[in-house]
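First comes the structure, then the notes that go with it.
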Amino acid sequence: MDADILKRIRLKALQEAPSSFTQQLSEVVDKSDSYWSEWASTRATAKDTCVYLAFAGESPIGMCGAYLEKENPQSAQLVAVWLEPAFRGSGMAYRLIDSVIAWARHAAATGITAWVTEDNLRARRFYLRLGFVEQVTRSQSPSGHSEIPMWRRI
Ligand SMILES: CC(C)(COP(=O)(O)OP(=O)(O)OC[C@H]1O[C@@H](n2cnc3c(N)ncnc32)[C@H](O)[C@@H]1OP(=O)(O)O)[C@@H](O)C(=O)NCCC(=O)NCCS
């Protein structure tokens, strides 16, 4: 995976939808090239992590990733899900999640969790449509947002 493309789309996501992510733009904007290279190479190809990008022609328009929990590798965590606003509602986000789920199944995971900010109604609805179920637990993100874990069997 191209580290520059990954950097470009991740920064765009953090800028466009700051309340959707635990990581903030200010935490990564000054990261060195090695941070992005490591993500694009190691984390995109390791057995316990993945990253997928979506393209419209040559342009990157979406991303998502996942990792297997260290203590419980049958459990995958979905992360960094973002689609360019102009492409929302196109079905492209479903395809990104499908790719991650296929990866997680292949990695022998049996369930996947997405942590969603409580007021992110669009994402909550999106995950519900994909068969995720909202759990009772709530957690507070570092930025003070209430987050809901949404889980589905895979
Ligand atoms: C979350 C995201 C990837 C979903 O992709 P998408 O293309 O927007 O999703 P879809 O349009 O296919 O589905 C969204 C659902 O929410 C509904 N919706 C749209 N706007 C909404 C709103 N303001 N409030 C509630 N629901 C809304 C849609 O009708 C659709 O539901 P339906 O399938 O039952 O009709 C995308 O919105 C995104 O990148 N958001 C910003 C980043 C983010 O929130 N990431 C998730 C972090 S956990």
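No value in this document is a laboratory result; all are computed from the given coordinates. This one's a predicted model, so the numbers in the text were calculated from it and none came from an experiment. Using ideal geometry, Cβ is built from the backbone for each residue, glycine included, and neighbour counts are taken over all protein chains shown.
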*Assigning unit charges at the beta carbon (Lys, Arg +1; Asp, Glu -1) and nothing else, what dipole magnitude in debye, to the nearest 20, does the chain show about its Cα centre?*
520
*asked:* What distance in nm lies between label points placed 7 Å from Cα along the C-beta direction at Val29 and Thr42?
replied: 2.6
*For the pair Ser141 and Arg8, what calculated FRET efficiency results from E = 1/(1 + (r/R0)^6), where r is the Cβ-Cβ distance and R0 = 25 Å, to the nearest 0.05?*
0.55
*Hey, can you grab everything whose amide H is under 5 Å from the amide H of Trp115? Only 5+ residues off in sequence or another chain; H modelled, so Pro and N-termini drop out.*
Leu78, Met150
*Count the DSSP beta bridges whose two residues both fall in the chain, then state the antiparallel fraction as a percent rounded to the nearest 5.*
85
*Tell me, what HN-Hα J-couplings in whole Hz come from the Karplus equation 6.51 cos²θ - 1.76 cosθ + 1.60 at θ = phi - 60° for each residue of region 27-35, using x for Gly and Pro?*
6, 10, 4, 9, 4, 6, 4, 5, 4
*In nm, to one decimal, how far is the modelled label at Ala108 from the one at Glu69, with both set 7 Å along Cα→Cβ?*
1.7
*Using Cα pairs under 8 angstrom and six or more residues apart, how large is the relative contact order of region 3-153, in percent?*
18
*Convex hull volume of the Cα atoms in region 16-154, per residue, in Å³?*
125
